[in-house]
Amino acid sequence: MGRGVNLGNALDAPREGDWGLRLEPALIDRATRHFQTVRLPVRWSNHASPDAQARLDETFARRVDAVIDRLLAGGGFVILDMHHYTQLVGGARHPNEFAVDRAVVEARMVSLWRQIAARYRDRPPRLLFELLNEPQGEARDASGQAPGATSVPAAGQALGGERWNRLAAQALAAVRETNPDRVVLIGPDDWNHPRGLARLRLPPDRHLIVAIHSYDPFGFTHQGVPWRQPLLPLGQTCCDEAQRRTLRQALDTATAWSRTAGVPLHLGEFGAYREAPMESRAAYARMVREEAEARSIGWAWWEFASDFSPVWDASKGQWVEPLRRALGIAAER
Ligand code: BGC
């Protein structure tokens, strides 16, 4: 799936625009012109009825249709990802997110996938589904909350191990009712870190990819993020031999697992927060890209044009050059 990017912080905000980004056609086209794969995070859970049926809000779904079709028109791969279902993983609700009864959070996920899959059944195979971003087990080295989220699932609500294996199998079965062959991505618990692979049990299915994320070294990539209290200290640099070794070990764990399981990998997120020193961010981007590509793993940078680690500066209409170069993306096409 080559070089890719996340169109994050738009449709995964509680409402599109809440986090300062809307997916305008020109922005979508820029992403598809330069990247072979675009991962599209969507917060379906906040655009559906709060009951177990989770009936999709048709206006929102049409908005997602339009974005998906524009992305597909670019000719590359599109990963449609269920993102920030905070209440399913025991996280704190974000502003503008409505409350859901805990008793129905899992049924809602399955029902959402049944509807999403039926809706997109006739789209080309270049559209892939990703069941859930970063299910969170008991691990404390959290890599992925949005502004305002707490970093740790509430007691007893973590989505890891057998609970996640069971739910992923149910959601996959709902997808397979209408999409027998579409490629589906499933990631390990522990925020999709390769550490979680030891607990992942996939249903027998010939059309799966395992999604992993990498924010190692975490103290470097997440320095200064406001949702992590106390703040991780600023001024951390990257990448020395020990830092590279940490990354290599994680990717080697993943490739060994992948070979044994016979299931390919995709690195769906990596990035370094904008408060980190730029030279180090570029070195980090280059390091992860090189290590992934050396193992033939397709990747997607987090993210294209918003808060965490944009490679495109939407306010200036220009690339963030050091990151663009480090990711090996051609400036013009
Ligand atoms: C989350 C973002 C976060 C990023 C890095 C993503 O999975 O959705 O909100 O900025 O990880 O932590």
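The values are calculated or read from the model by the stated rules, or taken from the named source; none is laboratory data. The model shown is predicted, which means the values in this text are computed figures rather than measured ones. Here Cβ is always computed from backbone atoms with ideal geometry, including for glycine, and neighbour counts include all displayed protein chains. Note: areas computed on protein heavy atoms with side chains; ligands, DNA, RNA excluded. Shrake-Rupley method; radii C 1.70, N 1.55, O 1.52, S 1.80 Å.
For the pair GLU293 and HIS207, label points projected 7 Å from Cα toward Cβ lie 3.1 nm apart. As a length-normalised measure over Cα pairs under 8 Å and 6 or more apart, the relative contact order of the chain settles at 18 percent. Over the chain, dividing the summed -39,500 (n - 2.57) contributions of all DSSP H runs of at least 4 residues by the number of residues returns a 222 nm mean residue ellipticity of -10000 deg cm²/dmol. The phi-based Karplus calculation (6.51 cos²θ - 1.76 cosθ + 1.60; θ = phi - 60°) puts the 3J(HN,Hα) values of the range 288-293 at 5, 4, 4, 5, 5, 5 Hz, whole numbers, x for Gly and Pro. Rolling a 1.4 angstrom probe over the protein heavy atoms with all chains in place gives the chain an accessible area of 39 Å² per residue.
Can you pull the percent of the chain's accessible area that's carbon plus sulfur, 1.4 Å probe, other chains left in place? Carbon plus sulfur share of accessible area: 51 percent. Annotation for the range 68-140: trypsin sites (Lys or Arg not before Pro) lying in DSSP loop with at most 12 further Cβ atoms inside 10 Å of their Cβ are ARG140.
Here the gap between ALA242 and THR260, fully extended at 0.36 nm per residue and compared with their Cα-Cα distance, gives a gain of 3.8 nm. Does the chain come out rounded, prolate or oblate by the C-alpha gyration tensor, with a ≥ b ≥ c the root eigenvalues, rounded set by a/c under 1.5 and, if not, prolate when a/b is larger than b/c and oblate if not? Here the chain falls in the rounded category.
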